[in-house]
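Note sheet for the following structure.
The values are calculated or read from the model by the stated rules, or taken from the named source; none is laboratory data. Quick caveat: nothing in here was measured; it's all calculated off a predicted structure. Glycine gets a Cβ as well: all are built from the backbone with ideal geometry, and neighbour counts include every protein chain shown. Areas reflect the complete protein model, heavy atoms only, side chains present, ligands, DNA and RNA absent. Shrake-Rupley method; radii C 1.70, N 1.55, O 1.52, S 1.80 Å.
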Protein chains: 2
Amino acid sequence: MKKLILIIMLVVIGLGGFGCAQQEIQRYGMVLGLKEDKIPEYTKIHAAVWPGVLKMIEHCNIKNYSIYLHQLDDGKHYLFAYFEYTGDDFKADMEKMAADPTTQKWWDLCEPMQIPIKNRRQGQWWANMEEVFHTD
Amino acid sequence: MKKLILIIMLVVIGLGGFGCAQQEIQRYGMVLGLKEDKIPEYTKIHAAVWPGVLKMIEHCNIKNYSIYLHQLDDGKHYLFAYFEYTGDDFKADMEKMAADPTTQKWWDLCEPMQIPIKNRRQGQWWANMEEVFHTD
């Protein structure tokens, strides 16, 4: 019986370890301009993002999503975003997000406050940056 | 005996859950300029950061550390860093890192390639940005 208990414990520990093992993730770093006179409003709405928007982010396999703001030497204000994608079809998930009416309303609110930078690929709003370093 | 096995299983599952529970973390987003003519060298050395530097990063409780590069509308190139701090004394850990001879040599190599931005606090090299949004 002691053996049986030991085996059960080992199996459960093994399953527990599997359950919290880190998923394969793709990291994204992105940049976008923010109009100076819109900073208070942008900051305010981002302190309380609509639940439906957050739900869609989660539903589309985006995790650990942060946005930072800073004024650079050209006097302009920039937003830097970092998030982790844990799904297996980023394009499809982004299409799903773009088709969500709540997310569309949120973007309609945010986009007039933002200024996309010139150095971005066709179809991008936030410009994808190049990852030059990563350590876990 | 069945009860005993059930209790052991529940305890082990509980401990397993505790073991992989997310630690309390502080997130940092930082920005710094990079000289255009130094991009190839900076990118190259960051693709193979010295093991001693990586070890010190880990030793100082910094995790999930990424650096991104992008050219903005002023024609200048910027580095955006994101990392997570899991210790309980960031200042002390940063002092420990700054006192490490290998890290000092690494910084001596990197700093001449970088241009700190004007909008930073005294004593900063990388400028800390303001977090305006986060979702797990």
*asked:* I'd like to know if segment B:49-62 contains one or more residues that are in contact with a strand residue (DSSP E or B) (Cβ under 8 Å, 6 or more places away or on another chain) and touching a residue at least 60 places away in the same chain (Cβ under 8 Å).
replied: no
*If you go through segment A:74-89 one residue at a time, do you hit one that is within 24 Å of B:Glu84 (Cβ to Cβ) and among the basic types (Lys, Arg)?*
no
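Here is a yes/no grid of residues against (1) over 13 Å from B:Thr135 (Cα atoms); (2) touching a residue at least 24 places away in the same chain (Cβ under 8 Å):
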| position | (1), (2) |
| --- | --- |
| A:Tyr68 | no, no |
| A:His77 | yes, yes |
| A:Phe83 | no, yes |
| A:Ala92 | yes, no |
*Please find, within segment B:45-64, the residue that is nearest to A:Glu131 (Cα to Cα) out of those that are among the β-branched types (Val, Ile, Thr) and in contact with a Phe, Trp or Tyr (Cβ under 7 Å, 6 or more places away or on another chain).*
B:Val49
*Only one of A:Met97, A:Met129, A:Met113 is out of contact with any strand residue (DSSP E or B) (no Cβ under 7 Å at 6 or more places or on another chain) and open to solvent by less than 40 Å² (accessible area, probe 1.4 Å); which?*
A:Met97
